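So the structure is just underneath, and the comments pick up after that.
The values are calculated or read from the model by the stated rules, or taken from the named source; none is laboratory data. The shown structure was predicted, so the numbers you read here are calculated from the model rather than taken from an experiment. Here the Cβ positions follow ideal geometry from the backbone for every residue, glycine too, while neighbour counts run over all protein chains shown. Calculation scope for accessible area: heavy atoms of the full protein, side chains included, ligands and nucleic acids excluded. Shrake-Rupley method; radii C 1.70, N 1.55, O 1.52, S 1.80 Å.
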Amino acid sequence: MQELTHYIGGEHVKGTSGRFADVFNPATGEVQAKVPLANGEEMAKAVAIAAKAQPAWAAVNPQRRARVMMAFVGLLNRDMDKLAEALSREHGKTLPDAKGDVIRGLEVVEYCIGAPQMLKGDFTDSAGPGIDMYSMKQALGVTAGITPFNFPAMIPMWMFAPAIVCGNAFILKPSERDPSVPLMLAELMEEAGLPKGILQVVNGDKEAVDAILYDDTIQSVGFVGSTPIAEYIYGTGCAQGKRVQCFGGAKNHMIIMPDADMDQAADALVGAGYGAAGERCMAISVAVAVGDDTADRLLDKLVPKVEALKVGPYTSGNDVDYGPVVTAAAKANIERLVQTGIDQGAKLVVDGRNFSLQGYEDGFFVGAHLFDNVTKDMDIYKTEIFGPVLSTIRAKDYEEALGLAMDHEYGNGTAIFTRDGDTARDFANRINIGMVGINVPIPVPLAYHTFGGWKKSMFGDLNQHGPDAFKFYTRTKTITSRWPSGIKEGGEFSIPVME
Ligand code: NAD
């Protein structure tokens, strides 16, 4: 059995806490490795190394720091297949989807190559007699990030690339479900020229997270994961005086208007609802059809597509639409919620309950499920299922459909399918959700825009990547300077006012 490590001070380091978690191959259900779960002492060691290494890294000019990112992009491309294979083996997603996971992270690394421009400060010449005023963006120091299982390459890169290019040291606490790719990324960053100790990976669970939250040296914490943990980390981190941004769960609605192209809408729902087995924070999990006739026309197209979905291990290559879910516990939770949906009166129009794959009977596969006649009081509507389960709600008109999405506690992403520009524009303006698609089912913004939800999907002020990341990972300092030739004799007792 493979024993994974931490990556501390540029070395693979064995865990010393004596605690481990199992890492599964979700396709076979086998335990393929064990990952060490760090204690406070191990975290403190990484923090001390980071604090020692960071000032010299912050003093490296931004262009040279950007060159490390440039080299890293080359290495990601070189090792793309290897990274995707390791990712699929622990997560279960298909190989093309695993490559997408790496590529969407790589795009943020590419954006970070623009750091010399992004980090330029402001300067006012002669703000007063002999006085100049300038501001600069300085690194925070030691920063940390805690990431979820569902994007083990993309989300760590969304955090560590901007943090590091801004001159910070970064400690990554990845998900204990799929820690291999984060470890590989740390090695690649050093191969790209990053000094040791600037990017470290400390594996663990709540104990390691609490060690981050209560460490006085760590200046900022980024988190992506489920909403209850996001709320805990935001509350605790802020109370400890840290800068914190936390991104939580989702229940993304797609509204289908009567004038929508039903073929397009059905195709969009199949990809956005079932891709990655529904384990995406931007997955569509609720289809809101406006009017019974729209719902009937939509389901006529959708049902055969859902029934035809191919589910299997990543080793089947392009023949598979989605793979297993991440753990047996995740599978059991999805099955429990499906049963709740049936018990509470929703109509199961595609029943994936008896799905089984020959040769992979112990894998964590879940068949595709499609519900009709879901109502807003049902648990399957209120809860994030995070599995291949799509709920259809029938709304009587546009206002009711809009109200459903607005009233839901989550506000990560949403979409509307329509041919009417007025409706699309009204939706984009009024909806209280952070990322909106118009005839686009998964509106994940590109690296040079920012990513973030509203309501219970996000806690904090600044989004991920894009210009917000450079704000999150720097502090502004403003200097007012007067050289002796401009200084008048005698003290000044009233508040300085520029003449
Ligand atoms: P999770 O909340 O279980 O775990 C996320 C991280 O928190 C992991 O590193 C885990 O080790 C740590 N953690 C777990 N329990 C903890 C505890 N009690 N105290 C402290 N830390 C703890 O989430 P997950 O299952 O890995 O990921 C799926 C969730 O992430 C979904 O809810 C999904 O919507 C969300 N997600 C959100 C976004 C977004 O940008 N909004 C993106 C991806 C995933």
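List of remarks:
- Prolate/oblate/rounded label for segment 266-348 (Cα gyration tensor, a/c 1.5): oblate
- Tilt relative to the chain, helix 95-112 - C-alpha long axis, 0 to 90 degrees, to 10: 20 degrees
- Relative contact order of the chain, defined on C-alpha pairs under 8 angstrom at six or more residues apart (%): 19 percent
- Computed over protein heavy atoms with a 1.4 Å probe, the accessible surface of the chain works out to 41 Å² per residue.
- Using a Förster distance of 41 Å, the FRET efficiency for residue 63-residue 210 (Cβ separation, nearest 0.05): 0.60
- P(r) tail for segment 252-438: Cα pairs beyond 27 Å make up 24% of the total.
- Mean residue ellipticity, 222 nm, helices only, the chain: the sum of -39500 (n - 2.57) across DSSP H runs of n ≥ 4, divided by residue count and rounded to 500, is -12000 deg cm²/dmol.
- Cα gyration tensor, segment 1-93 - rounded (a/c under 1.5), prolate or oblate: oblate
- Cross-link partners of residue 455 among aspartates and glutamates (Cα-Cα below 17 Å; sequence separation of 8 or more within a chain): 231, 384, 407, 409
- Sorted peptide list for 368-378, 297-307, criterion being average Cβ within 10 angstrom, highest first: 368-378, 297-307
- Between helix 180-191 and the chain: long-axis angle, C-alpha atoms, 0 to 90°, nearest 10: 30 degrees
- Efficiency of FRET between residue 77 and residue 267 - r from beta-carbon atoms, R0 45 angstrom, step 0.05: 0.90
- Residues whose placed amide H lies under 5 Å from that of residue 20, excluding near-sequence neighbours: 37
- Size descriptors for the chain (Cα atoms only): Rg and Dmax, in that order, 24.7, 90 Å.
- Annotation for segment 313-399: GluC sites (Glu not before Pro) lying in DSSP loop with at most 15 further Cβ atoms inside 10 Å of their Cβ are 361.
- Straight Cα distances below 22 angstrom link residue 93 to the lysines 34, 82, 173, 251, 305, 310, 331, with same-chain residues fewer than 8 positions distant left out.
- Rounded percent of accessible protein surface that carbon and sulfur make up, the chain, 1.4 Å probe: 51 percent
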